[in-house]
Amino acid sequence: MWAFILCIIYVIFAFACLAVLIALYDRRPLRIRSGLVMLPACALISVGAILQMFLPYQGTLQVLYYFNVLMFVVVYTGFIFFVGEFTGRFDPLERKNLALILIVPVLAAFSIITDNWLHLWNSNFYLSTLPDYEVPFLLWDFSYMNIVWSIFCFASGAVLLYYLSRTLHRTGNWILLAVFYLGAAMCVTLNIMAFFTVDLMVMPVDGLTFTLGILSFYISALVFGMFDIAPVARKKMLDLMKDAIFVLDSEGMINDVNTSGLKLLRRERKDVILQKSDILLERFPALDHFLKEPEEKGETEFKDVDDRTFEAKVSVFDYGRMKKTGRMLVLKDVTLSRQIEKKFREAEFQMKLADTNRRYRTIIENQTEAILTFDRNGQITFFNPVFERIAERSTKQMADSRIGDLLSEDDDRALWDRIEKATPEAPVFHFEHVVSLLDGSDMWIHWQGKVHFSESGELTEVQTAGIDITEKRKKEAEYQAIVECQKELIVRRQRGGTITFANQAFSEFYGIPNEKLIGSTFFPSVDEEDNLRFREALRCLTPGLPDSDPVKLRILRGQDDLRTTEWRLRGIFDSKGQMVEYQTVGNDITEKLRMEQELNKTQKLESLGVLAGGIAHDFNNLLTSIISNIEVAAKDIPSGERSRYRLEEAVRSALNARNLTQQLLTYSKGGKPVKEPTDLGELLQKTIEFTLTGTNVRADYRIAEDLRPISADRFQIEQVINNLIINAVQAMPEGGKIFVKASNSDRYFRSLDKEGGQGFIKVKITDQGPGIPADVLGKIFDPFFTTKDNGTGLGLSTVQSIVKNHGGFIDVESEPGLGTSFNIYLPTSNAPAISAPEAVGSEGQVRASRILIMDDEEAILEVLSTILMDLGHSVEMARTGEEAIEQVSRSLTEGRLFDLLIMDLTIRGGMGGKDAIQEILKLDGSVKAMVSSGYSNDPVMSEPRKYGFIDFLPKPYSIQDLKDKLARLLL
C-alpha cells in the first residue's frame with residue numbers, strides 16, 4: 001500500500017515540477033534564473049524513486065541510489081546559485097564564486113568514494129522487506145562519513161536559508177516567507193524522521209522531501225509574483241536618468257532608488273533601501289503633505305533645505321498578486337531653469353516698461369476713435385489725428401482753440417449741461433451731435449466722456465472719445481422704416497412709461513396720430529389686474545433675461561370695442577445694467593381666442609354627440625320591443641275599432657321616434673352609412689315628392705339622363721334631401737318653386753374619392769326664398785344653431801355630417817332677395833344601382849322555416865319569437881353567441897338545420913354576432929344569417945357580407961320590415 005501511495009505522489013510531483021518550470025520560464029523577463037535547474041533535478045529524483053519501486057533488484061537499486069545522490073548534489077548546487085543571486089550577496093557567475101560553489105560537488109564525490117556502503121562493488125548490500133511495504137529495499141549500516149556529510153549539508157543549508165529569509169523579510173514578502181518556512185520545516189522534519197525511523201529510512205522519501213520543499217517555494221514565488229520584478233536592463237536605464245527616482249511600497253518604505261536619487265540624498269544604497277520615507281523628508285520637508293495625498297497623480301514645486309528648487313511628480317501603481325499600492329516619486333532639480341526664467345521675465349518687464357509711453361502715444365494716435373481732452377475752461381489740451389480729420393482742421397489751426405469753437409451754440413450748451421451733471425461718483429457722460437463737413441454732408445458723432453475731479457471735488461479735466469455713428473443712424477432709420485411696415489403693434493417707452501417710438505400699426509390700431517403718441521404716457525389697458533401683470537413682467541426684466549413671457553391685456557378701442565391683445569416685452573439696458581428703455585411688441589388675439597372658444601365648443605358638442613349616440617342605441621332596442629308588441633297586440637283587434645286606431649297611431653309615433661334616433665346617430669358620427677349602389681335621380685324624385693305632399697310648393701327637376709349611380713345609405717340620403725326640402729318650404733311660406741338639378745361632375749374633390757368611382761355627382765337644390773343674411777351664413781352648419789322659434793339646430797348639422805360620412809362635400813350660396821342654393825357633391829359607384837325594395841304583400845309567398853333568434857334582450861326575444869311563430873315559422877332562441885353555436889351544432893347532428901339565423905351584433909357580457917358567425921360558418925358554411933343592431937357605427941352593419949352575414953336588419957323595425965327581409969331571404 002505504501003509503495004502505491006509513494007508512486008502516485010512521485011508521479012504528481014514529477015509533473016508539478018515540470019509545470020512550474022514551464023510557467024516560470026515563460027514569464028519573461030526573469031531577473032533570477034539560476035535556481036530553475038532545481039525543478040528538473042527534483043523531477044528526476046521523483047522518477048528515480050518510482051524506478052526503485054518498479055525495479056527492486058540489488059544492482060538496479062544501487063545504481064538508482066547513486067543517481068538520486070547525484071541529483072541531490074545538483075539540487076543543492078542550484079540552491080546555492082539561487083540564494084547567491086537572489087540575495088545579491090555574490091554573483092554566481094564570477095570565477096571566484098563559481099570555484100567556491102564547485103567545492104560542494106567535490107565534497108559530495110569524496111564522500112561517495114570514501115563511504116564504503118556506497119561503493120558499487122560493495123557486497124554487503126542485501127535486499128529486505130517490511131510488512132506494510134511491498135517492494136524490496138537495500139539494507140546497510142551508517143558510517144561516520146555519512147553523518148559528517150549530513151551535518152555539513154544541514155549547517156551550510158541553514159546559512160543559505162538564513163540569508164534567503166532575511167531578504168524576503170526586507171522586501172516585505174510575508175506570505176512567501178511563511179510558505180518558505182513551512183516548506184523548509186516539512187523538509188527537515190521528514191529527513192530527521194527518516195534518519196531515526198527504520199520504516200521511513202528504507203522508503204525513498206528523501207526525494208519526496210527535497211521535491212516538496214522546492215515546489216512549495218517556487219509555487220509560492222509564482223503565485224505572489226516574486227519573479228515579476230523589472231529586469232536589470234530597466235534598472236540600469238533608470239540609473240542613467242538625471243532625475244532622482246524613488247520607488248515606495250504601500251508601507252511607505254523605499255524599495256528602490258536610482259543613482260541620481262542616491263546622489264541627491266548623499267547616501268549609500270544600503271542606507272536607503274528598505275528605509276522609511278522619513279529620510280526624504282529630512283532633505284525635503286515640503287514633501288510631507290504631497291506624499292500623503294491620495295491622488296493617483298500629482299505635481300508640485302518646492303524648495304529644499306538648501307533653497308534649491310525642485311519639481312516633484314508622483315504616480316500610483318499596483319504591484320504583486322495582492323494588489324498593493326506603491327508610489328513612484330520623481331524629483332527634478334529646476335533651480336537653474338527657474339533662475340533663467342526669472343531673469344528673462346525681469347528683462348522683458350523692463351523692455352515693456354521702457355516701451356509703454358511710446359506705445360501709448362502710438363496707440364492713441366492710431367485709434368479709430370477721436371480722442372480729445374480739455375480743461376475746466378474748455379481749452380483743448382490734447383487731440384489725436386482722428387479728431388483733426390473730423391474737425392477738418394490742422395494742428396496749427398487747433399492751437400489755442402476752445403471746445404466751444406467746434407460746436408454750435410445749442411450743442412455747446414447741451415455738452416456743458418451734461419458735464420455739470422457729472423459727479424465724482426458718476427463721472428461718465430454721453431453726448432451726440434452732428435458735424436457739417438466741407439463737402440456738404442453731415443456726420444453724427446457719439447462722445448463718451450469722463451470728468452476728472454480734484455481731491456476737493458473741483459473739475460480739472462474732461463477726457464472724451466468719439467466715434468462716427470453716421471452709419472448707425474442710417475441703419476436706425478432703415479430699422480424704423482422696416483418697423484413701420486410691420487403688422488405687429490410696436491412701441492418703445494422710457495422706464496417711466498413715456499413713449500419714444502410707435503410704429504404706424506400701433507397708431508392706426510388705437511386711432512391716435514403718431515405725433516400725439518410720442519412723448520405721452522398713453523396706456524390703453526382698462527383692467528387693473530392686467531396692469532398689475534404688465535408691471536410685474538416689466539419688473540422681472542434683467543440684462544441676463546431681457547425678454548418676458550407673453551402678457552395679455554384687455555383694451556378698449558373706440559367707445560365699445562373690447563379687444564384682447566398679447567404683448568412681449570424686451571428691456572434695453574445700459575453698461576451698468578440699468579434699464580433705460582423697453583420695447584413692447586403686441587398682437588390683436590381677439591379672433592384667435594374666439595376661434596379657440598369655438599373649438600372648445602365643438603369638442604364639447606362632439607362629446608355630447610357621443611352621449612347622444614349611446615342613448616340612441618339603447619333607445620332603438622326599446623323601440624323595437626315597443627313597436628313589435630304594439631303591432632302584435634293590434635292584430636288581435638278588429639279593423640275599425642277605436643282601440644286599434646290608437647295602437648296604430650302609437651306605432652306611427654314610435655316610427656317617428658326611430659327617425660329621431662337615426663338623426664341622433666348621424667349627428668353623433670356614429671351613424672356609419674350602410675352603403676349600396678343607389679340611383680340618386682329616382683331617390684331624389686321619390687323623396688321630394690313625398691316631402692312636398694300637402695304643401696303649396698312644387699319642384700322643377702333637371703336630372704341628367706346619364707346620371708351615374710352612387711354608393712350610399714338610402715335612408716341617410718333621404719334624410720339629407722328631406723331636411724333641405726323642408727328648409728326650402730319654410731323659406732317660402734307664400735309658395736314657390738324648388739329647382740333640383742343633378743349632373744355628373746368631375747371638377748371637384750377628386751382627393752375625396754375613396755370608393756374607386758368615376759368622379760362625383762353634383763346635386764343643386766335652389767329655393768326662391770329671401771336668402772340668408774351674410775352674418776348668419778357662416779353659422780348655419782353649427783350644431784344647435786337655429787333662427788327658427790321651434791327649431792332644434794340639428795337639421796343642417798346632420799346634413800353636413802351625412803354628406804361627409806359618404807365622402808362628399810356640401811356648400812351654400814345665398815344672396816338676400818335671390819334665394820339660397822345648396823350644392824352637394826357625392827362620389828359615384830361603378831356597380832349598377834339597386835332599386836328600392838318593394839314590400840311583399842302576401843304572407844303565403846314565404847315558406848315556413850326554422851329560425852334561430854339570438855339577442856340579449858328578453859323582451860325582444862319574446863315578441864320576435866311570437867311574430868315569427870304567427871307567421872308560421874319554427875323558432876329557437878339563444879341569449880349569447882356561445883348558445884347559438886351550441887344550437888347550430890346540435891341541429892347539424894340531429895339533421896334539423898336552421899333556415900335562417902337572426903343575430904344581435906353585440907351581447908352584453910358574452911359573445912356577439914360578429915364573433916359567433918365565424919364559428920358557425922366553420923360548422924356549416926352554407927348557413928344563412930342576418931345581423932341586427934340598434935347602432936350602425938360598426939362596419940358589420942354597412943358591409944354584412946364581408947363578415948359572413950347575408951343581410952342586415954336595423955333596429956327598431958316593424959313587422960312589415962321583418963316580413964320584407966324574410967321574403968327576400970326565404971323565398
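The values are calculated or read from the model by the stated rules, or taken from the named source; none is laboratory data. Quantities reported herein were computed from a predicted structural model and do not represent experimental measurements. Every residue, glycine as well, gets a Cβ built from its backbone with ideal geometry; the counts of neighbours run over all protein chains shown. The accessibility values were calculated without ligands, DNA or RNA, using every heavy atom of the protein model including side chains. Shrake-Rupley method; radii C 1.70, N 1.55, O 1.52, S 1.80 Å.
Given H placed 1.01 Å from N in the peptide plane, which residues other than close sequence neighbours of Ile572 have an amide H under 5 Å from its amide H?
Here the answer is Val580, Glu581, Tyr582, Gln583, since their amide H atoms fall under 5 Å of that of Ile572.
At q = 0.30 Å⁻¹, what log₁₀ I(q)/I(0) does the range 378-431 have when each alpha carbon counts as one equal point scatterer in the Debye sum?
After summing over all Cα pairs, the log10 values are -1.17.
What residues qualify as long-range amide H neighbours of Asp856, i.e. H under 5 Å apart, gap of 5 or more or another chain, H built at 1.01 Å from N?
For Asp856, whose amide H was placed from the backbone, there are no distant partners under 5 Å.
Please give the length that would be gained between Lys764 and Gln494 if that part of the chain were fully extended, namely 0.36 nm times their separation in residues minus their C-alpha to C-alpha distance (nm, one decimal).
Working: separation 270, 0.36 × 270 = 97.20 nm, distance 6.25 nm.
That pair, Lys764 and Gln494, stretches by 91.0 nm at full extension.
Within the set of other residues whose C-beta is less than 13 Å from the C-beta of Arg345, count the net charge using Lys and Arg as +1 and Asp and Glu as -1.
Net charge in that neighbourhood comes out at +1.
Taking all protein chains in place and a 1.4 Å probe, what share, in percent, of the accessible surface of the range 474-591 do carbon and sulfur account for?
50
Through the Karplus equation 6.51 cos²θ - 1.76 cosθ + 1.60, θ set to phi - 60°, convert the phi angles of the range 536-546 into ³J(HN,Hα) values in whole Hz; use x for Gly and Pro.
Per residue, the Karplus-derived 3J(HN,Hα) values read 5, 5, 5, 5, 7, 6, 9, x, x, 10, x Hz.
Order of 14-20, 511-517 by packing, highest average Cβ count within 10 Å first?
14-20, 511-517
Can you give the accessible area per residue of the range 474-591, in Å², using a 1.4 Å probe?
60
Karplus couplings for the range 632-637 from phi (6.51 cos²θ - 1.76 cosθ + 1.60, θ = phi - 60°), rounded to Hz, Gly and Pro as x?
5, 5, 5, 5, 7, 9
Excluding ligands, DNA and RNA, what is the solvent-accessible area per residue of the range 850-970 at a probe of 1.4 Å, expressed in Å²?
41
What value does the range 850-970 have for Rg/Rh, both radii from Cα atoms and Rh as Kirkwood defines it?
Values: Rg = 13.0 Å, Rh = 14.2 Å.
Reported Rg/Rh, Kirkwood definition of Rh: 0.92.
May I ask you to evaluate 6.51 cos²θ - 1.76 cosθ + 1.60, the Karplus curve with θ = phi - 60°, for each residue of the range 681-697 and list the ³J(HN,Hα) values in order in whole Hz, giving x for glycine and proline?
Using θ = phi - 60°, the values come out as x, 4, 5, 4, 5, 5, 5, 5, 4, 5, 5, 7, 4, x, 10, 9, 10 Hz.
For Ile802, Ile772, what's the largest-to-smallest order of accessible area, 1.4 Å probe?
The most accessible residue leads, giving Ile772, Ile802.
Scan around Ile738 for amide H atoms under 5 Å from its own, H built in the peptide plane at 1.01 Å from N, and keep only partners 5 or more places away or cross-chain.
Arg698, Ala699, Asp700
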